[in-house]
Amino acid sequence: MSEVRRATPGDAGVLGRLLWDFNTEFETATDDAEVLADRFTRLLELDGIVAVLAEDSVEDSAEPVGFALVSLRPAIWFDGPVSQLEELYVVPALRDHGIGTAILELCKRLVRDLGSPEMHINVDEIDTDTRRFYERHGFVNIEPGVDYRMLCYVGPTHADPAG
């Protein structure tokens, strides 16, 4: 059985490696695991960042099997911050064993304890398995009372020299 706990800055190396594994599994451009670990070290010192780590006990050690990263930001439409699930990953061989659910549930509890009444998640439209996972856990892309989907747009923060 996996143990799921809040990660600390001391877990940055493990988190960097898991994120690297995640990105390479899905052929996403990524920095080296060491660079990601350095970023985790800095991020985990911030008040508005929550990371969760899932580990399986193997003899006398803990084997990392999944993680999540959540950021919190101020919100104008309600008291408390809105939380954004930035990443959630479970190693491929252990998917469909409840680890992702345990990670997500701990994330939700931790951010709720920090005053966040709402969590946002961005998912690629073609990623039907992941969409089904989040929908099973109560997440929607159509708000009650409307008949259109919410969309997320991404754009540069610098001027486009070609444009």
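The values are calculated or read from the model by the stated rules, or taken from the named source; none is laboratory data. All of these numbers come straight from a predicted model, not from anything done at the bench. Here Cβ is always computed from backbone atoms with ideal geometry, including for glycine, and neighbour counts include all displayed protein chains.
Listed values, structure above:
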| item | result |
| --- | --- |
| Flag if Thr28 is among the polar types (S, T, N, Q) and part of a loop (DSSP other than H, G, I, E, B) | yes |
| From the options Val35, Val14, residue that is closer than 25 Å to Arg95 by Cβ, in a helix (DSSP H, G or I) and more than 13 Å from the chain's Cα centre (by Cα) | Val14 |
| Residue in region 101-117 that is in contact with a strand residue (DSSP E or B) (Cβ under 7 Å, 6 or more places away or on another chain), small (Gly, Ala, Ser) and in a loop (DSSP other than H, G, I, E, B) present | yes |
| Selection within region 130-145 - within 15 Å of Arg95 (Cα to Cα) and touching a strand residue (DSSP E or B) at 6+ places or on another chain (Cβ under 7 Å) | Tyr134 |
| Candidates Asp96, Asp79, Asp56, filtered to the one that is in a strand (DSSP E or B) and not hydroxyl-bearing (Ser, Thr, Tyr) | Asp56 |
| Criterion (assigned to a loop (DSSP other than H, G, I, E, B), charged (D, E, K, R) and either at negative phi or surrounded by 10 or more Cβ atoms within 10 Å (Cβ to Cβ) (or both)) met by exactly one of Glu86, Glu135, Glu125 | Glu125 |
| Boolean, Glu63 is surrounded by fewer than 15 Cβ atoms within 10 Å (Cβ to Cβ) and part of a helix (DSSP H, G or I) | no |
| Region 63-87 residues that are within 11 Å of Met119 (Cβ to Cβ), paired with ones that are surrounded by fewer than 19 Cβ atoms within 10 Å (Cβ to Cβ) and among the acidic types (Asp, Glu) (beta carbon under 6 Å, 6 or more apart) | Ser71/Glu86; Val82/Glu118 |
| Unmet criterion (only one of (1) within 22 Å of Ile99 (Cα to Cα); (2) surrounded by fewer than 12 Cβ atoms within 10 Å (Cβ to Cβ)) for Glu45 | (1) |
| Arg95 more than 13 Å from Ala54 (Cβ to Cβ) and not hydroxyl-bearing (Ser, Thr, Tyr) | no |
| Members of region 25-38 that are at pLDDT 95 or above and either surrounded by 17 or more Cβ atoms within 10 Å (Cβ to Cβ) or within 14 Å of Glu87 (Cα to Cα) (or both) | Thr30, Ala33, Leu36, Ala37 |
| Single residue of Leu94, Leu104, Leu72 found to be surrounded by 18 or more Cβ atoms within 10 Å (Cβ to Cβ), closer than 23 Å to Arg17 by Cβ and not charged (D, E, K, R) | Leu104 |
| Criterion (modelled with pLDDT of 95 or more, more than 17 Å from Gly66 (Cβ to Cβ) and either over 16 Å from the mean Cα position of the chain (by Cα) or exposed (fewer than 10 other Cβ atoms within 10 Å of the Cβ) (or both)) met by exactly one of Leu114, Leu151 | Leu114 |
